[in-house]
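Below you'll find the structure, written out as structure tokens, and then a few comments.
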Amino acid sequence: MSNGSNSFVCQVGSWAMAAAAAALTLVLLMLLGGWNFWAGVLIAALVFLFLGLVLGMILCRPLAGPVAPGAAGRAPGDIELSARAKKVANGGATPVATAAPTAAAEPAPTPEPAPAPPPKPAPAAEAAPAATEGEAEGTKPETLSAARGGKADNLKEIKGVGPKLEKMLNEMGFYHFDQIAKWTADELAWVNANLTGFKGRASRDNWIEQAKILAAGGETEFSKRVEDGDVY
């Protein structure tokens, strides 16, 4: 309140001095300069305004407040640091310098090892030529180069032996019933394996048992039908 009151009083005083100077100017202009009244009033008004403003700005400018001891000549940053130091001294939190976060250096990526070339496949062993079917199976029976007495038995009387098989058996060296009747198990296996296109037929149709009957001069139901011409 005191500052505002002092400023108001100062302004009033300044304008009062300006008014006095304006009045003095008017009197001097009229008495000494021979100016008429209105011209002197105009000049006096200008003097009043000019001096009132100038005196108010010069004389009534507010004075700076008292400066705290030790604060004069210190930068704002220094004052702030001093305040923080005082706070720490009074038991406040200890200032911690905040370091800019530094990103942890990432290790360089380890290059992946080049894939090992796939092992070259070992050259496949050449397959041994397959044994001719029947060569390693069973035992070959005793054969004839031709029919005894130049006349072969009618092997078609054995059930399961047709004209084609009879020709095959003759080519293999079998012409008579008694030859077939004497086959052992190993010899039968060899025959079964070598009947091209008819493998196993000798066992399935029981050729040995039929041949024994026919070699002994007997007959079978099938052989009778063959003799009568009912089959071939």
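For first residues located in the range 153-182 and free of Cβ contacts under 8 Å to residues at least 40 places away in the same chain, partners that are surrounded by fewer than 15 Cβ atoms within 10 Å (Cβ to Cβ) and in a helix (DSSP H, G or I) and lie 6+ apart or on another chain with Cβ distances below 8 Å form the pairs Y175/R148; H176/R148. Where helices (runs of 4 or more DSSP H) fall entirely within the range 1-96, those with at least 3 residues that are at pLDDT 80 or above and in contact with a Gly (Cβ under 9 Å, 6 or more places away or on another chain) are at 2-31.
Restricting attention to the range 189-206, and to residues there that are within 23 Å of G217 (Cβ to Cβ) and out of contact with any Leu (no Cβ under 9 Å at 6 or more places or on another chain), which single residue is surrounded by the most Cβ atoms within 10 Å (Cβ to Cβ)?
Of all residues in the range 189-206, those within 23 Å of G217 (Cβ to Cβ) come to 202, 205-206.
From the residues that got through so far, the ones that are out of contact with any Leu (no Cβ under 9 Å at 6 or more places or on another chain) too are 205-206.
Details: D205: 17, N206: 12.
The selected residue is D205.
The values are calculated or read from the model by the stated rules, or taken from the named source; none is laboratory data. Everything numeric in this text was worked out from a predicted model, so none of it was measured. Positions of Cβ are generated from backbone atoms using ideal geometry, with glycine treated the same way; all protein chains shown enter the neighbour counts.
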